[in-house]
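Throughout, read-outs are computed from the coordinates displayed, never taken from laboratory work. What you are looking at is a predicted structure, and each value in this text was computed from that prediction instead of being measured. Counting neighbours? That spans all protein chains shown, and the Cβs are built from the backbone with ideal geometry, glycine included.
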């Protein structure tokens, strides 16, 4: 073979090798899209922090965050393969996975990665309302939660399950707070911030003495048995000044993944998030000093992704039967 022809063939082989190498690199670099919520929400900031952790800690995986309509929108996007993971509340996630309620006859198959915060549902009532237990709410003017919210639908389900029928009053947070202050309604149900009352409830309590109602032991057991989509949580003394400990229902805010996500990828993402709490706490203070792994096992409602389950098991944690991977 003459030298010019040899050089030409060698160049072709080298060029082919470079192209093949480039293709391998592209294929090895897994790109994932994370569905979050409105960019005005503090939860969006949490997902930005998660995105930064994944991109910093995982080789061969790059992620980006998409602004979405939160839980229901993310579930639909997961079902259409438009996102790879995203924000899903534990109660709605359970309904979607089980084909219940709005998802009847069209379940959506997802897998749990982790739960990052729990939203206790606090039943706050005026102290002068003559209401000392949840059973006393029968016929009482009560706002079940902001119209269209998870709090509203969950409260109605809880009350129906417990056989209690308040006189529901609908409205925005501002309207409801004003109505409680001037006595037009006796109370409302509002998500807490960890083990503390939220700002609107504290605003009411500034000039209007309030009580926060507790589930009885019997009621708590009823919810555990009949409403697996919610958690029953004990809130310690001090949710507000002078407020005793109480028990209430709650739902978590979780990160779900598409069931087709690679097991090793899910494992590495879960590991990175569990082992890098500081950026998450900086972006979303409610997660500070929280054991995310234990919260996940306590509050999760759908099967874990096999990769996430592998990480938790490596930490010596027992996976509840309801969260065992479906594969």
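What do the square roots of 5 times the Cα gyration tensor eigenvalues come to for region 119-250, in whole Å, largest first, as semi-axes of the equivalent ellipsoid?
20, 17, 14
Mind checking the angle between helix 42-57 and the chain's longest principal axis? C-alpha axes, 0 to 90 degrees, to the nearest 10.
That helix lies at roughly 30 degrees to the long axis.
Any idea what the relative contact order of region 119-250 is, in percent, if you count C-alpha pairs under 8 Å spaced at least 6 apart?
Computed over region 119-250, the figure is 32 percent.
Just to be sure I understand: of the beta bridges DSSP finds with both ends in the chain, what percent are antiparallel, rounded to 5?
Percent antiparallel among DSSP bridges in the chain is about 70.
Using only the alpha carbon atoms of region 177-279, find the Kirkwood hydrodynamic radius as the inverse mean reciprocal pair distance, in angstroms to one decimal.
16.8 Å is the Kirkwood radius here.
Report, for region 119-250, the % of DSSP beta bridges that are antiparallel, rounded to 5.
80
Using only the alpha carbon atoms of region 70-189, find the Kirkwood hydrodynamic radius as the inverse mean reciprocal pair distance, in angstroms to one decimal.
Averaging 1/r across every pair of different Cα atoms and inverting gives 16.0 Å.
Distance between the C-alpha centers of region 197-267 and region 77-128? Whole Å please.
Going from one Cα centre to the other spans 14 Å.
Angle between the Cα long axis of helix 263-274 and the longest principal axis of the chain, 0 to 90 degrees, nearest 10?
Computed tilt is about 50 degrees.
Return a whole-number percent for the relative contact order of the chain, with Cα pairs under 8 Å and 6 or more residues apart as the contact set.
22
Let me check the size of the chain from its C-alpha atoms; what are the radius of gyration and Dmax in Å?
Answer for the chain, Rg first and Dmax second: 24.3, 103 Å.
Could you order peptides 311-324, 165-178, 69-82 by the average number of other Cβ atoms within 10 Å of their residues, highest first?
Ranked by mean Cβ neighbours within 10 Å, highest first: 69-82, 165-178, 311-324.
With a/c under 1.5 counting as rounded, go ahead and sort region 52-99 into rounded, prolate or oblate using the C-alpha gyration tensor (a ≥ b ≥ c being the square roots of the eigenvalues; past the cut-off, prolate if a/b is larger than b/c, else oblate).
It is prolate, given that a/c is not under 1.5 and a/b is the larger ratio.
Taking the number of other C-beta atoms within 10 Å as the exposure measure, put 271, 181, 190 in order starting with the fewest.
Lowest to highest Cβ neighbour count: 181, 271, 190.
Give me the Å³ per residue figure for the convex hull around the C-alpha atoms of region 21-117.
106
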